[in-house]
1. Taking the stretch B:182-226 as the region of interest, how many residues are touching a residue at least 24 places away in the same chain (Cβ under 8 Å) and either surrounded by fewer than 16 Cβ atoms within 10 Å (Cβ to Cβ) or within 14 Å of chain A (Cβ to nearest Cβ) (or both)?
2. Within the stretch B:309-340, take every residue that is under 16 Å from residue B:250 (Cα atoms) and not in a strand (DSSP E or B) and give me the one that is farthest from the chain's Cα centre (by Cα).
3. Among the charged types (D, E, K, R), within 35 Å of the chain's Cα centre (by Cα), surrounded by fewer than 22 Cβ atoms within 10 Å (Cβ to Cβ) and within 29 Å of residue B:80 (Cα to Cα) - does that describe any residue in the stretch A:69-84?
4. Among the residues of the stretch B:227-279 satisfying the criterion of being in contact with a Ser or Thr (Cβ under 7 Å, 6 or more places away or on another chain) and basic (Lys, Arg), which is surrounded by the fewest Cβ atoms within 10 Å (Cβ to Cβ)?
5. Give the residue, chosen from A:115, A:32, A:40, A:59, that is surrounded by 21 or more Cβ atoms within 10 Å (Cβ to Cβ) and modelled with pLDDT under 95.
6. Taking interchain pairs and intrachain pairs at least six residues apart, which have beta carbon atoms under 6 angstrom, with the first residue in the stretch A:180-195 and more than 7 Å from chain B (Cβ to nearest Cβ) and the second buried (at least 24 other Cβ atoms within 10 Å of the Cβ)?
7. Can you find a residue in the stretch B:277-291 that is in a loop (DSSP other than H, G, I, E, B), within 30 Å of residue A:192 (Cβ to Cβ) and at pLDDT below 90?
Amino acid sequence: MSSSTAAQPYAPKTRTGKVTDYVDSRVGGSGIVKEFGRKIFPDHWTFMFGEVALYTFVILLLTGTFLTFFYDPSMAETHYEGSYLPLRGVEMSVAYASSLDISFDVRGGLLMRQIHHWSALLFVASVAVHMLRVFFTGAFRRPREFNWVVGCTLLILSLAAGFTGYSLPDDLLSGNGLRIIDGVMKAIPVVGTYLSFFLFGGEFPGTMIIGRLYVLHILLIPAVILLLIGIHLFMVVLHKHSQFPGPGRTNTNVVGYPVGPVYAAKAGGFFFIVFGVLAAISAAFTINPIWNYGPYDPSPVSAGTQPDWYIGWVDGALRLMPGTLGDNFDFEFLLPFPWGVNTLSLNVLIPALVPAMIVFTAMFAWPWVEAWVTKDKREHHLLDRPRNAPTRTAIGVAGVTFYCVMWAAASSDLIATHFMVSLNDVTYWLRFLVIFGPILAFMASRRISLALQRKDREIALHGRETGRIVRLPHGEFIEVHEPVDDYKRYKLTAFESPEVTVPKPDENGKISLLDKAHGRVSRFFFEDRVAPVTPKELEASHGDHHGEVAGAKDRESIASH
Amino acid sequence: MADSSHGAPGSSVTVATPGRALDEFENPGLPPHRPRLADRDPRAEKRAERQVALLFFISVLGTLLFFAGYFLVPLDETIARLRLQNLMLGLGTAFAMLGIGVGIVHWAKTLMPDHEVTEQRHEIRPEQDRRDAEKIVNDILDESGIKRRPLIRNTLLGAALLAPLPAIVIFRDLGPLPGNVLRQTMWDTGVRLTRDPSGTPIRASDVTIGSAFHVIPEGLNEAEHKLEEKAKAVVLLMRLDPEELNPSPGRENWAYDGIVAYSKICTHVGCPVALYEQQTHHLLCPCHQSTFDLEQECKVIFGPAARPLPQLPIEVDDEGYLVASSDFQEPVGPSFWERG
């Protein structure tokens with residue numbers, strides 16, 4: 001095409017052509033249209049979570065910008081004079097008063113606040129679910145490791161964005177959240193007290209923290225998130241999207257719909273759907289009714305309070321940690337130094353830092369850990385069905401269980417009151433589960449994965465159970481199986497099942513410690529495996545029927561009907 | 001790197017290709033396209049078109065609903081009116097958005113072509129590019145001479161390590177140094193115990209057995225740094241049967257006739273320990289459920305706190321009001337490194 005256009009200058013004939021020519025001859029852009037206009041995106045419902053995350057972020061920017069026009073991040077004292085009668089005349093910070101004004105005196109302000117808060121909850125949730133999708137389908141493998149790391153960073157930033165925003169109304173509930181942050185910071189050895197004084201601009205609560213969180217919340221964190229989203233999407237374009245294995249799909253192609261018009265329409269339409277659903281939720285369900293809590297005051301607190309869901313697991317970990325063991329041991333240690341005695345509060349430090357460190361370190365390092373275990377350096381553009389990577393799936397489920405037990409612990413008091421059980425027993429059970437739950441979940445989910453793989457084998461070999469029971473002439477009852485077609489069978493068999501790598505001795509006949517360790521880990525990962533059905537096996541399974549007892553022939557003929 | 005075709009898709013070494021090996025099923029290729037109703041039946045196509053248009057029309061109605069809520073529902077001082085307006089604005093927005101969104105998706109799914117298309121992946125970067133890049137970087141490094149001139153390299157390294165330090169130090173004035181403030185509260189000899197938040201003083205006779213008072217020091221409401229002082233000074237006041245108190249040596253006269261005062265700030269991470277169980281004489285922190293036993297000088301009997309709540313020594317002044325005998329004898333609230 002380029003050779004024919006080179007011969008004579010391009011003269012656009014259609015109106016679209018004229019417009020694009022006008023734009024292109026000034027700023028370029030037809031290259032972009034050529035690259036993206038018909039770019040192929042694979043489609044699968046699980047690819048939607050990342051989209052939800054992106055769209056909720058856009059909605060957060062839109063509603064957040066509206067809120068900044070009315071919100072005043074000042075901790076100066078004022079007396080409330082707005083429309084909400086129960087609080088009229090009450091002494092409070094300007095930040096809290098302006099949040100009340102947004103709710104009661106700015107038309108649509110309450111809706112904006114609620115959409116913003118619901119979007120924030122959904123934003124973190126969709127980022128997390130998106131990451132789980134990427135993890136369980138192995139989409140983090142080469143060449144996408146860096147994008148996985150960018151995603152992990154985005155998850156942490158979304159938590160930071162959520163928490164800094166949560167505190168801005170300066171209400172009683174969020175103030176207690178800050179108080180907990182202050183307490184946790186002070187537990188950090190050596191620098192903790194200083195960090196707390198620097199963050200709060202002096203003693204807690206001070207008059208600085210809201211303004212500082214505000215700048216982090218509306219400027220720094222969203223800017224970094226935006227930058228990383230740009231990098232994230234750039235890499236998606238660079239790698240092209242991964243796809244599930246299936247008929248017609250290979251590791252070297254992409255099967256799906258072109259951006260224009262189908263994919264763009266679906267994805268663009270989906271933005272409006274996400275917005276619409278959030279608006280509907282915000283219309284009908286109150287979130288964070290700050291007017292019920294009152295302004296921040298260090299003395300009152302209400303029972304049964306909960307942080308936003310994504311902070312719950314850290315709060316739950318704080319609850320689960322015992323401060324004392326028996327009568328004579330506690331986790332607060334007094335360390336004698338030449339200059340005096342210092343305090344080390346492991347009862348705060350361990351739950352505040354260790355679970356988060358375990359989860360985030362494992363998350364960031366996982367692509368390289370798995371690559372080391374599998375010794376697989378190839379590019380992967382085909383995803384795994386979770387069942388086809390049983391050990392990875394089981395480790396993921398164990399991690400989710402660990403997280404969810406801590407999350408449940410953040411509601412230990414509500415569990416106790418709702419189910420009329422002892423709060424202490426709930427805590428004891430959850431303490432047990434936070435250690436042993438992940439192990440049990442690991443074992444169970446690996447078994448389930450393997451069982452599902454066996455089921456797949458069964459279907460690939462013998463076909464689908466039709467539920468039709470047939471009595472053969474000699475009296476035997478059989479259920480008719482319907483063989484699956486080639487497409488379905490390919491889907492069930494197109495996966496790899498790595499085997500244990502046995503460490504090999506080097507030229508001196510020695511096996512290095514690292515290789516030995518690798519051998520053990522590899523056995524742990526791949527000792528139990530289910531191999532995909534091969535054509536030979538399928539052949540043999542048909543052969544078996546013929547070699548079986550009398551009646552097998554009839555069975556075959558019935559099955560083929 | 002011995003593996004010269006490292007990372008290039010399409011080359012058999014580095015790319016995972018299920019379906020290639022002999023004992024695997026051959027890829028049967030894309031399944032045949034199944035036409036949709038609207039592809040075969042012009043009436044179904046027309047119907048889908050009308051449905052899409054109807055959805056867009058619903059969006060218009062949603063926008064109108066928003067305006068109705070905005071202009072026709074004036075806010076008064078009742079929360080019911082606010083709720084109604086919020087509902088109309090929210091549902092209006094929801095319909096406006098969902099009408100467009102569902103309409104477009106319906107359009108895409110029923111009327112736009114649904115043939116799956118196959119596109120080949122390309123190498124992320126050709127191998128030659130990588131080789132060229134390596135050479136360019138090496139040439140640049142050679143020309144700069146940074147490898148040959150360690151003096152320059154090392155001094156630059158040192159400078160570059162030091163230069164960012166001011167950017168950290170400059171944050172020093174974010175807050176003052178802690179100093180001694182965490183060890184002092186407003187309590188002092190003779191400071192009256194007053195009710196939170198009204199600030200009215202409390203007579204010993206007001207405190208009946210089983211009752212609990214939320215207490216602040218007298219003058220707190222007029223203090224300059226009210227919230228900071230309150231975050232340290234709040235106290236819970238309870239009266240037990242004097243027989244049930246088991247004061248340790250040195251604390252015998254910290255209570256007055258069974259009335260005891262304990263810091264309300266949890267020694268775990270600083271939440272107010274606001275719940276008092278009359279029957280068991282336990283104090284419970286609603287944040288993380290640390291439980292303190294009044295009969296054992298607020299020793300921790302459950303939960304994540306590791307230290308008892310500090311006790312405020314109290315007595316009664318000439319007029320019968322409860323006053324502090326001194327400040328707390330130890331820092332209140334969460335532990336910190338310098339606490340000792």
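The values are calculated or read from the model by the stated rules, or taken from the named source; none is laboratory data. Note that the coordinates shown come from a computational prediction; the quantities given were computed from them, not determined experimentally. Methodologically, a virtual Cβ is constructed for each residue, glycine included, from the backbone with ideal geometry; neighbour enumeration extends over all protein chains shown.
1. We begin by selecting, within the stretch B:182-226, every residue touching a residue at least 24 places away in the same chain (Cβ under 8 Å); these are B:182-194, B:196-197, B:201-205, B:207-215, B:217-221, B:223.
Narrowing the set further to residues that are either surrounded by fewer than 16 Cβ atoms within 10 Å (Cβ to Cβ) or within 14 Å of chain A (Cβ to nearest Cβ) (or both) leaves B:182-186, B:188-190, B:193-194, B:196-197, B:203, B:205, B:208-215, B:217, B:219-221, B:223.
Qualifying residue count, the stretch B:182-226: 27.
2. Among those that are under 16 Å from residue B:250 (Cα atoms) and not in a strand (DSSP E or B), it is B:325.
3. Taking the stretch A:69-84 first, the residues among the charged types (D, E, K, R) are A:72, A:77, A:81.
After this cut, where a residue has to be within 35 Å of the chain's Cα centre (by Cα) as well, the list is A:72.
The next check asks that each one be surrounded by fewer than 22 Cβ atoms within 10 Å (Cβ to Cβ); those that pass are A:72.
Checking the rest, the ones that are also within 29 Å of residue B:80 (Cα to Cα) come to A:72.
Yes, the conditions are met somewhere in the stretch A:69-84.
4. Only one residue tops the list, namely B:239.
5. On the way: A:115 fails: modelled with pLDDT under 95; A:32 fails: surrounded by 21 or more Cβ atoms within 10 Å (Cβ to Cβ); A:59 fails: modelled with pLDDT under 95.
Exactly one residue qualifies, and that residue is A:40.
6. A:185/A:192; A:185/A:196; A:195/A:185
7. Here is the first cut: in the stretch B:277-291, the residues in a loop (DSSP other than H, G, I, E, B) are B:278-281, B:285-290.
From the residues that got through so far, the ones that are within 30 Å of residue A:192 (Cβ to Cβ) too are B:285-290.
This time we only want the ones that are at pLDDT below 90, so: none.
For the stretch B:277-291, residues in a loop (DSSP other than H, G, I, E, B), within 30 Å of residue A:192 (Cβ to Cβ) and at pLDDT below 90: absent.
Rundown of residues vs (1) under 21 Å from residue A:461 (Cβ atoms); (2) touching a strand residue (DSSP E or B) at 6+ places or on another chain (Cβ under 8 Å); (3) at pLDDT 90 or above; (4) of a type in the set (Ser, Thr, Tyr), yes/no style:
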position: A:487; (1), (2), (3), (4): yes, no, yes, yes
position: A:497; (1), (2), (3), (4): yes, no, yes, yes
position: A:510; (1), (2), (3), (4): no, no, no, no
position: A:516; (1), (2), (3), (4): no, no, yes, no
position: A:546; (1), (2), (3), (4): yes, no, no, no
position: A:550; (1), (2), (3), (4): no, no, no, no
